[in-house]
Amino acid sequence: MQIITLGNEILRQKADKIDKIDEEIEKLSGQMLEIIVRDKGVGLAGPQLGIMKRIFVVHVEGDTERVFINPSIIETSHETCKFEEGCLSVPGIYANVIRPESIKMQAWNEKGRPFTIEANGLLARVILHEYDHLEGILFLDRLAENKKKTLIAKYEKKNTK
Ligand code: ZN
């Protein structure tokens, strides 16, 4: 499975709710977790593979593999923090992004079981980054307009060689 990169309008579309968490979805989540190992990522969302479904997977070092289906954000902290982010869909580009320090999210796992998670630090950041993909939002959109423009120009220069 190929990862869709910046410039493709698919990344700008909102993903659809998954009606039924079946074996196919479970298989997909397994494949997605394999891709983040292969591509050395920490998270991957359906739309990045052209699959417009509300699913993403997260695997942060020192934590278990996590699958989020039809997630909803219950709470985000007022406290924010800044940390460098990258994205498998925007290879080679990194920037400091300000996000809430902690979050509370409800979702279903690949077995169709609902769960609630409270996360902070890097895990919270990755979850919010992946959640954004379901809404058609990229980490670049979270930057100041001039910074975003500079990075997109840098990306385009790199990729038109
Ligand atoms: Zn991303």
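The values are calculated or read from the model by the stated rules, or taken from the named source; none is laboratory data. Values in this document were obtained by computation on a predicted structure and should not be read as measured data. Glycine gets a Cβ as well: all are built from the backbone with ideal geometry, and neighbour counts include every protein chain shown. To get the accessible areas, we keep the full protein, side chains included, count just its heavy atoms, and leave off ligands, DNA and RNA. Shrake-Rupley method; radii C 1.70, N 1.55, O 1.52, S 1.80 Å.
Annotations
- Lone unmet requirement of (1) surrounded by fewer than 21 Cβ atoms within 10 Å (Cβ to Cβ); (2) within 13 Å of the ligand (Cβ to nearest atom); (3) within 17 Å of Leu6 (Cα to Cα) for Ile36: (3)
- Set Glu75, Glu85, Glu79, Glu101: member being under 15 Å from the mean Cα position of the chain (by Cα) and either open to solvent by less than 90 Å² (accessible area, probe 1.4 Å) or free of Cβ contacts under 8 Å to residues at least 40 places away in the same chain (or both): Glu85
- Where a residue in segment 1-18 is surrounded by 14 or more Cβ atoms within 10 Å (Cβ to Cβ) and its partner, wherever it lies, is among the hydroxyl-bearing types (Ser, Thr, Tyr), with Cβ under 7 Å and at least six apart: Ile3/Ser89; Ile4/Ser89; Thr5/Ser89; Leu6/Ser89; Leu6/Tyr155; Leu11/Ser89
- The lone exception for Pro47 - which of (1) within 14 Å of the ligand (Cβ to nearest atom); (2) under 20 Å from Asp141 (Cα atoms); (3) without any contact (Cβ under 8 Å) to a residue 60 or more places away in the chain; (4) crowded, with 18+ Cβ neighbours inside 10 Å it fails: (3)
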